[in-house]
Amino acid sequence: MHLQRRMPQKSLKTAECESGMKTVYYTLTGGNEDAEAIRLGGNILREGGLVAFPTETVYGLGASALSVDAASKIYEAKGRPSDNPLIVHVAAPEEAETFAYTSDTYYRIAEKFMPGPITVILPKRDVVPTAVTGGLNTVAVRCPVNETARGLIREAGVPIAAPSANRSGKPSPTSGEHVKRDMDGRVDMIIDGGECAIGVESTVVTLDGENCRILRPGAVTEDMLAEVCTFVEIDPAVADVTAVGDNPSSPGMKYRHYAPAAKVMLIESDTEEQFISYVNENGTAGDGVFASAENKIRFKPEIEPLETGEKGTFNELNHNLYRLLRLADDKCLKRIYIRRPPKRGEFLALFNRLIRAASGEVIKL
Ligand code: TXA
Ligand code: MG
């Protein structure tokens, strides 16, 4: 392996610098050389550069959370509005003490679900620049379970601000290849750790005493949180895009996220049969459909099946969602038919992403 030790670029202007920056791309092998790559990534982060890395949810685009310059590079590389705050990643839950005001409820959540796919919003200490928190006086804390992610944070020796490593408005990346397509030439290093295990972003919660409120649903569900919090509330904007006001609890709610270029046709039906008939009656060449391996032969041949897995379980759907939305764009599909998942339990994360991708429109059969 030849990993050149380089100083990170001073600034990442948008388009004109795209070709100017050389991105080190490293694919993890499971061998000894991985440690060298993670050390290099840690050094780049410590010196204020950008490193994209795998987590169990989606790939993150990391930079030092204590540096205004580093954080502003993230916004430039992503083309992200600067009022949308970043999640700060730590290698262990107690590391949040250095930059946030923790609480008993935070530690109850941490004990049960960290490291893992949960993000907790806490009051911030002065050391975190408001450039990282989109001007808010709170900070989002997450401790990923992915070993590479935590190894990198440990090597960096500073908390790491990391949004999803996609260009703003594109689906989150769930493979190194997705990151490369969005970020090559815009970041110092990309660490490719294969496909993300979960595939949708972490559950985001705010705390109020012993209670919590879900701002973004993920793999840690309402029922799971109820084991450690007295009341668990779900923000109305989770399931209803029209409930996002001018001043939402989570600024990310107000942006049109997770959207492919194709129009997402979200169909609510009592049965699978109804959904299949509707698609066969209304779909035309150039349309695609989310279909399990079992069901795909039931759609007429001119409709492109986008395979959600063997049976289309919520785990398979979560895992494949963003890959399929990107694939739909690669195939230049006009419309993608998707059966609306239930608005509850482990399906809520999927529901939340799809309702946004469909701009809130659902066709009821
Ligand atoms: O799984 C994940 O959480 C991934 C991986 C990379 O860790 N990260 C991620 O980051 O999804 P991002 O930036 O794409 O989404 C962060 C969400 C946004 O909706 C943002 O508005 C919200 O968290 N958020 C961050 N800080 C917040 C704060 N202080 N108050 C309210 N919402 C906050
Ligand atoms: Mg994102």
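The values are calculated or read from the model by the stated rules, or taken from the named source; none is laboratory data. These numbers come from a predicted model, not from an experiment. Don't worry about glycine lacking a Cβ; one is built from the backbone with ideal geometry, like all the others, and counts go over all protein chains shown.
Some notes on this structure:
- If you filter the range 133-158 down to residues that are over 19 Å from Cys196 (Cβ atoms) and of a type in the set (Ser, Thr, Tyr), you find that the one that is surrounded by the fewest Cβ atoms within 10 Å (Cβ to Cβ) is Thr138.
- Residue in the range 195-210 that is nearest to ligand 2 (Cβ to nearest atom), counting only those that are part of a strand (DSSP E or B) and in contact (Cβ under 8 Å) with a residue 60 or more places away in the chain: Val204
- Filtered by the rule that a residue be aliphatic (A, V, I, L, M), within 9 Å of ligand 1 (Cβ to nearest atom), under 13 Å from Phe99 (Cβ atoms) and part of a loop (DSSP other than H, G, I, E, B), the range 125-166 gives a lone residue, Val132.
- Any hit, the range 50-72, residues being in contact with a Pro (Cβ under 9 Å, 6 or more places away or on another chain), away from ligand 1 (no atom under 15 Å from the Cβ), among the hydroxyl-bearing types (Ser, Thr, Tyr) and assigned to a loop (DSSP other than H, G, I, E, B): yes
- Where Ile297 falls short, out of the listed (1) crowded, with 16+ Cβ neighbours inside 10 Å; (2) over 20 Å from Leu350 (Cα atoms); (3) among the hydrophobic types (A, V, I, L, M, F, W, C): (1)
- Test for Val68: is it more than 23 Å from Lys170 (Cβ to Cβ), under 17 Å from the mean Cα position of the chain (by Cα) and of a type in the set (A, V, I, L, M, F, W, C): no
- Ala100 being at pLDDT below 95 and of a type in the set (A, V, I, L, M): no
- The residue of the range 159-171 that is nearest to Met183 (Cα to Cα), among those that are surrounded by fewer than 22 Cβ atoms within 10 Å (Cβ to Cβ) and more than 9 Å from ligand 2 (Cβ to nearest atom), is Arg167.
- Subset of the range 167-180 (residues that are away from ligand 1 (no atom under 12 Å from the Cβ) and either among the polar types (S, T, N, Q) or at pLDDT below 95 (or both)): Ser175
- Residue in the range 185-194 that is β-branched (Val, Ile, Thr), out of contact with any helix residue (DSSP H, G or I) (no Cβ under 7 Å at 6 or more places or on another chain) and not in a helix (DSSP H, G or I) present: no
- Here Ala237 meets each of (1) within 11 Å of ligand 1 (Cβ to nearest atom); (2) hydrophobic (A, V, I, L, M, F, W, C); (3) closer than 29 Å to Thr29 by Cα with one exception, condition (3).
- Test: residue in the range 269-290 that is surrounded by fewer than 20 Cβ atoms within 10 Å (Cβ to Cβ) and either closer than 26 Å to Ser202 by Cβ or under 26 Å from the mean Cα position of the chain (by Cα) (or both): no
- Selection status of Thr174, of a type in the set (Val, Ile, Thr) and under 30 Å from Phe231 (Cβ atoms): no
- Entry remark, the range 26-38: residues being outside any loop (DSSP other than H, G, I, E, B) and exposed (fewer than 15 other Cβ atoms within 10 Å of the Cβ) number 4 in total.
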